[in-house]
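Just below is one structure, and these are the notes that go with it.
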Amino acid sequence: MLAPRHLIFTSLDGALLDSRGGFAEAEEALVELDRHKVPLVIVTHRTRAELDPIRRKIGHNHPFITEGGGGIFFPDAYLNVKIPDAQRIGRYLGVVLGRPYDEVCTALDELATECGVGVAGFHHMNLREVADNTGLRPRDAELAREREFDEPFYFTTADDAAIRRFVELAKERGFTVRPDGAFWHISGGCDAARAVRMMSKLFRDASRSKLRAVGIASSEENPSWLQATDQTVLLSGRGAEFDESATVVRRKPTPHYPAGPAGWNQAILDIIG
């Protein structure tokens, strides 16, 4: 069999997984990726604990990137090259990019005090409160609380000016604050684009070939890490928006791939076929 020519990076929601976490419509492509030995790297804002049951369900045995680029994780003996700065983290070899969770939580509390705003982070909440505030089932909420790099929170008391000051002060101190639906997130050093670039280099060094890094995600999410790939596919209800330069995400029209596992399935089959 010929060596793989592609390295696939994928989001989960609106791409490989449907709104209920199912992936049945993507099974054909998953089988073909395995048959052709094409690496499939998951890139997600989820925690490692949240991702583990998903990976077991889809039979995923490849590396993955968690918490928006906070950590890169490799199964044992996956690559035949030395992974710089790798350390044993649970069952994996991991490369840590993000600042430790405790440090992030401390920064959140200090910033809130200095800016005179009220915040409620996951570390302030018990399991039931996390479940109630996120809409997650208790078991899923428990996994979401097992954080390593990134802290979700919301403002309990703050006006727009105070929030702007909070974000600016966090940036001055090396932390990133971003909105995400009803929640905000604070982290330090988490960088999914950097993680994708690092992993692409490792795969190319290990294979001694110029693997083409492909990024696939929903157009609704349109994550910034796509810019670190050679080829991007955005899945949408209107059809895919596709770009081979990865410098401008929307440039070249291609066949229409709907959001979700069915569109993901067809896009992957077209790429590797």
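Each value in this text was obtained by applying a stated rule to the coordinates, not by laboratory testing. Keep in mind that this is a model prediction, so the values were computed, not measured. FYI the Cβ positions are ideal-geometry reconstructions off the backbone, even for glycines, and counts take in every protein chain you see.
Per-structure values
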{"quantity": "Per-selection metrics, the range 101-187 (Cα): Rg and Dmax in Å", "calculated": "12.6, 37"}
{"quantity": "Fraction of alpha-carbon pairs over 14 Å apart in the range 59-109 - percent", "calculated": "57 percent"}
{"quantity": "Of the chymotrypsin sites (Phe, Trp or Tyr not before Pro) in the range 176-205, those whose Cβ has at most 15 other Cβ within 10 Å and which sit in DSSP loop", "calculated": "none"}
{"quantity": "The chain: calculated mean residue ellipticity at 222 nm from DSSP helix runs of at least 4, using -39500 (n - 2.57)", "calculated": "-10000 deg cm²/dmol"}
{"quantity": "The chain, relative contact order [Cα under 8 Å, separation at least 6], %", "calculated": "22 percent"}
{"quantity": "Ranked list, fewest to most other Cβ atoms within 10 Å of each Cβ, for Leu143, Leu269", "calculated": "Leu269, Leu143"}
{"quantity": "Gaussian network model of the chain, Cα within-10 Å springs - most flexible of Gly121, Gly260, Gly59", "calculated": "Gly59"}
{"quantity": "Values of log10 I(q)/I(0), in the order q = 0.14, 0.19 Å⁻¹, for the range 34-147 under a Debye, Cα-only, solvent-free model", "calculated": "-0.70, -1.09"}
{"quantity": "Links that overshoot a 26 Å alpha carbon limit, given the list Lys82/Lys210; Lys37/Lys210; Lys57/Lys201", "calculated": "Lys57/Lys201"}
{"quantity": "Trypsin sites (Lys or Arg not before Pro) restricted to the range 175-218 and DSSP loop, no more than 14 other C-beta within 10 Å", "calculated": "Arg208, Lys210"}
{"quantity": "The chain - share of DSSP beta bridges that are antiparallel (%, nearest 5)", "calculated": "65 percent"}
{"quantity": "Rg to Rh, two decimals, where the chain supplies the alpha carbon set and Rh follows Kirkwood", "calculated": "0.98"}
{"quantity": "Amide H contacts under 5 Å for His256, placed H, 5+ residues apart", "calculated": "Ala240"}
